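This report refers to the structure that appears directly beneath it.
The values are calculated or read from the model by the stated rules, or taken from the named source; none is laboratory data. No experiment lies behind these values; they were computed from the predicted model shown. Note: ideal-geometry Cβ built from the backbone for every residue, glycine included; neighbour counts use all protein chains shown.
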Amino acid sequence: MNVRLRRRTLGTALAAATATAVLAALPAGAVGASKPLNYRITVTNLTPSDLTPIAVVAHDRRTTVWRTGRRASPGLAELAKDGGTSRLLSEARGKPGVRRTISAPRVAPRRSTTFRLRTTTASRRLTLATMLVCTNDGFTGVSSRALPLRKNGKPGRATWTVSAYDAGAERNTESRSHVPCLGAHGVGISTRSSVKRHPGVSGRGDLRPATHGWGKNAARITIRPG
């Protein structure tokens with residue numbers, strides 16, 4: 001074997017060893033074909049307000065459906081003001097990296113609902129949003145949260161407690177003329193602010209903190225293999 005051929009063989013061996021080391025360092029599910037994942041998700045309402053049907057999106061890390069500090073999309077604004085999921089889910093389906101969109105059932109005060117979500121190891125980010133009916137444009141949920149994965153690449157378990165958010169799309173009058181749980185729909189005073197933590201019920205209008213308010217968290221989300 002001449003010197004040039006020996007060097008070429010050595011270089012090939014080193015490259016193969018480096019590639020093997022890189023592959024070994026990658027997390028489960030990151031190499032090769034994407035694997036199916038099935039989860040059972042329970043949303044527990046921690047407030048005295050109904051939660052509307054839940055917009056659920058499974059996607060990869062490229063996608064953002066909503067985020068604090070940004071303006072609400074028309075679909076998120078519609079959900080936060082009146083509880084409709086169709087426009088937000090339609091927006092999500094138009095984004096790259098979205099694997100699945102579903103609308104899960106509404107949740108009564110202090111009750112839970114459970115649904116199943118099918119996705120893959122390549123698309124295990126969860127975005128979820130549901131309106132607090134006794135607010136002007138309050139909602140709760142998670143944005144691009146990684147679904148749990150065990151070391152063997154199979155679905156894991158997790159429990160998250162989540163806050164309430166203000167969509168910044170409607171003035172918080174707390175008035176029976178504008179709040180859905182008091183009989184008003186689609187008649188709020190529009191604003192153009194960014195999504196932020198909800199300040200809670202102040203009592204400035206017809207809502208009462210003792211009756212309609214909530215504590216630090218608005219919902220609990222429990223993830224299990226399913």
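Does Val201 satisfy the condition of being closer than 19 Å to Leu46 by Cβ and surrounded by 15 or more Cβ atoms within 10 Å (Cβ to Cβ)? Yes.
Number of residues in the range 188-206 that are more than 15 Å from Val162 (Cα to Cα), within 22 Å of the chain's Cα centre (by Cα) and part of a strand (DSSP E or B) equals 1.
So which residues in the range 118-146 are in contact with a Cys (Cβ under 8 Å, 6 or more places away or on another chain) and either β-branched (Val, Ile, Thr) or not assigned by TED's automatic domain parsing to the domain that holds Asp206 (or both), if there are any at all? Hit for the range 118-146 is Val133, nothing else. Checked against (1) of a type outside the set (Lys, Arg); (2) buried (at least 20 other Cβ atoms within 10 Å of the Cβ); (3) at pLDDT 95 or above, Ser49 passes all but a single condition, namely (3). What about Arg208, is it touching a Phe, Trp or Tyr at 6+ places or on another chain (Cβ under 7 Å) and in the same structural domain as Thr42 (by TED's automatic domain parsing)? The answer is no for Arg208. Of the residues in the range 52-70, at least one is without any contact (Cβ under 8 Å) to a residue 60 or more places away in the chain and in the same structural domain as Asn217 (by TED's automatic domain parsing).
Within the range 140-180, if we keep just the residues that are of a type in the set (S, T, N, Q) and in a loop (DSSP other than H, G, I, E, B), the residue that is surrounded by the fewest Cβ atoms within 10 Å (Cβ to Cβ) turns out to be Asn152. Here the range 109-121 is the region considered, the condition is being more than 23 Å from His185 (Cβ to Cβ) and crowded, with 17+ Cβ neighbours inside 10 Å, and the residue that is farthest from the chain's Cα centre (by Cα) is Thr121. Under the condition of being free of Cβ contacts under 8 Å to residues at least 60 places away in the same chain and more than 15 Å from Val56 (Cβ to Cβ), the residues counted in the range 71-128 number 6.
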